Structure formats: structure tokens, C-alpha cells
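What follows is calculated from the coordinates using simple rules that are stated; it is not laboratory data. Computed from a prediction, not measured in an experiment: that's the story for all the values here. FYI the Cβ positions are ideal-geometry reconstructions off the backbone, even for glycines, and counts take in every protein chain you see.
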Amino acid sequence: MSTHEYKADNRNDEILIYVNGEIVPRKDAKVSVFDSGFLLGDGVWEGIRYHNKQLVHKNEHFSRLFESAAAIGMDIGKTEVELEEIILQTLDANKMESDIHIRFIVSRGLKKTPYQHPNVNVGGPTIVVIPEHKIASEEVKKKGIRLGSVSVRRGTSKTQDPKWNTLSKLNCIVACIEADRLGFDEGLMLDVNGYVSTCNSTNFFIVRQEEVWTATGEYCLNGVTRGSIIRLCQENDIPLFERNFHVEECHSADEAFVTGTFAGVIPVVEIDCHEISGGKRGELTERLQEIYKKDIDILYPLND
């Protein structure tokens, strides 16, 4: 199982992709080998849902994009309004209306020579929009995933701040590879102090005695869906705590789940070979799935 499990859609073979002012067929979508993103992973990105002809949580995504760019000293060179227009033009060119997952990427742009310092960059940033027809697997949302603790730790603000959504994802990739080798679907990552932080591609929550716990957020990406679940718990009188806790407390949790832009809320049924909620989706997890889906439908209704 995977948090990004989806049914293959042949339409994705023919999608049009935006690359620096041009909308081109997938097979022709290319960036230079001198691009900062390719050479160094130097850039920022967002994954955004397009639901009922609307960009879901666009303000939160653009806010994080610009904050991450500012943190690495990169000028995107366009306003939020201009970036939204680029995305919508790409979607319109593909005649897309809903059930779309967008990867929006901004690198620091071309370099005149392969060197890390931004003073060898020439021109402005590289902007890419990849929209795909994607519907998250209902089987995964029901049956859940298995997590395994990994040895790779989250960084700190003094190394590579994990709150920045940058292209440099090697830390998470190595955690993903370790989890896969251990036979798990995703890796459960600890912070530098040994507390549970996040998974390699999703944010992590547990339920203990009808309370929802998640990490403090200091060492994990400020997930947009994570923020929505925190808000929805507060609005629905579900006790939620952002706190430090150890992996042993996860092993004895009543329930566990992860969150992400693509699939929303996904149950966790096993952690380090410890069965969670009887090996099936927990009741509160299922309730939060329903609350989250309803919230999206209310915020982004179909307007004919």
C-alpha cells in the first residue's frame, strides 16, 4: 500500500505541461541540465488539488511556497495572482475540471556553470506545472498503511529547516528507502531529540483515550492538510494536542493516521509490527475522514 496509491489513468500520457511560459506535450516537457533544480535540488514546490474547478487551500499553499522561497533567498519573480493564472491556463489547456493533482515547481533557474552559488545564475526562476488526473485509492483509505520507524532523523532549522518545502528531499527519500527495505509502506521519522515527528511524505497523528496527538511541528513540514485536521478537530470538539511523544506511545495507541494533500486522511493499522486499532481503520479516523471530505465539499462546491 502507498499513501499515493491511485488508479492509472491513460489520459496522463497525453497531458500538457507548463514549462517557463510554454504549454507543451508531456514528451516535450524538459528543463536544462544547467537548471538549479536538476543540478542541486535548489527550489521550492507545492502539491495542490483541483476539485470542482477550484484550487483547494490555494492561499495556504501559496503562502507556504513564498515563505519557503524567502527562506532560501529566492525571488519567484511573480505574484500569487500571476502564479494562479499560470496554473489555471495549464488546467484549461488540458480541459481539466476536477480530481486533478498538480505538482507546482519553482527552481532558482539556469546557471552558466555547475556551481552552487546563486551568483552564477542567469535569468529568472524556472516554473513548471504538472497536472495529472488522479483519484486517491479508496482501498488505502479504508484498509490503511503500515509504518516502520527509521533511523533517519529530521533536520533542524540550523541544518536544513524541515518546515521549508524545498526540492531537496534527500532526507525523506533515504527514509522512504529504509522503510521499504524494512517491508513497510512509509517511514516514521523521529526528530533530533528522539520524539516522533512525521512520516517521510505525510504528517502523522495518533489517538489515545479519545485524544488526538501530533508532533509540535518544529521538525516537520507545516502540512496544509495537517493544519486542516487540527482546525477541524477544534471545530468539532475533538481534543487535539501538539506535543512531544515517543514511538513506544505510538505502539500502544488506540488509533493512528497520516494526512497529505493527495489522499487527505489515511488510517495506520500497524507501527513497527504492532497492530493498531485491531489492524483496521479506527472509528475516530473514519469520522475525521468524513469530516474532512465534507469540509472540502462545503468550501469548494460544484458551481455550474
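For the options GLY43, GLY260, GLY21, a Gaussian network treatment of the chain with springs between C-alpha atoms closer than 10 Å singles out GLY21 as fluctuating the most.
With the cut-off at 1.5 for a/c, could you classify the range 68-189 from its C-alpha gyration tensor as rounded, prolate or oblate? Write out the running numbers ahead of the final one.
On the way: a/c = 2.57, a/b = 1.19, b/c = 2.16.
The shape class here is oblate.
The modelled label-to-label distance for the pair LEU182/ARG231, using points 7 Å beyond Cα in the direction of Cβ, is 3.3 nm. Separation of the range 195-254 and the range 86-108, taken as the distance between their Cα centroids, equals 30 angstrom. Within the shell of other residues whose beta carbon sits under 13 angstrom from the beta carbon of GLU210, the net charge comes to -3, with Lys and Arg scored +1 and Asp and Glu -1.
Gain on full extension, evaluated as 0.36 nm per residue between ALA70 and ASN303 minus their Cα-Cα distance, stands at 80.3 nm. Between PRO125, PRO267, PRO114, the GNM of the chain built on Cα springs shorter than 10 angstrom shows PRO114 fluctuating the most.
Given contacts defined as C-alpha pairs under 8 Å and at least six residues apart, what's the relative contact order of the range 10-134, whole-number percent? Can you show the working numbers first?
Details: 213 pairs, mean separation 44.6, N = 125.
So the answer I get is 36 percent.
To the nearest 20 debye, what is the magnitude of the charge dipole of the chain about its Cα centre, counting +1 on the Cβ of each Lys and Arg and -1 on the Cβ of each Asp and Glu? Working shown, then result.
On the way: 35 positive and 47 negative charges, 169 e Å.
I would put it at about 820 debye.
Between ALA93 and VAL24, the contour length at 0.36 nm per residue exceeds the alpha carbon distance by 23.9 nm. Helix-only arithmetic for the chain: the sum of -39500 (n - 2.57) across DSSP H runs with n ≥ 4, divided by the residue total, places the mean residue ellipticity at 222 nm at -8500 deg cm²/dmol. Here's the picture: charge each Lys and Arg Cβ at +1 and each Asp and Glu Cβ at -1 in the range 139-299, and of LEU190, GLY279, THR156 the one pushed furthest to the positive end of that dipole is THR156.
I want to verify a result. In a Gaussian network model of the chain, Cα cutoff 10 Å, which of these has the top mean-square fluctuation: THR156, THR113, THR198? In the Gaussian network model the winner is THR113.
For a test of the definition: using alpha carbon positions, the gyration tensor, and the 1.5 limit on a/c, classify the range 258-302 as rounded, prolate or oblate. Each step should come with its number before you reach the end.
Details: a/c = 5.12, a/b = 2.38, b/c = 2.15.
Note, shape of the range 258-302 comes out prolate.
Between GLU80 and ASN59, what is 0.36 nm times their sequence separation minus the Cα-Cα distance? Round to one decimal in nm. Please list the in-between numbers first.
Working: separation 21, 0.36 × 21 = 7.56 nm, distance 0.87 nm.
Gain in length upon complete extension: 6.7 nm.
Along the axis of the charge dipole computed for the range 223-304 (Cβ charges of +1 for Lys and Arg, -1 for Asp and Glu, origin at the Cα centre), the listed residues VAL224, GLN289, VAL247 are led at the positive end by VAL224.
Provide the FRET efficiency to the nearest 0.05 for the ASP9-SER252 pair, computing r from the beta carbons and using R0 = 30 Å. Mind showing how you got there, number by number?
Details: r = 40 Å, r/R0 = 1.34.
Efficiency, from the Cβ-Cβ distance: 0.15.
Taking θ as phi - 60° and the Karplus parameters 6.51, -1.76 and 1.60, the scalar couplings of the range 121-135 work out to 6, 10, x, x, x, 9, 10, 10, 10, 10, x, 10, 6, 8, 10 Hz in sequence order, x denoting glycine and proline.
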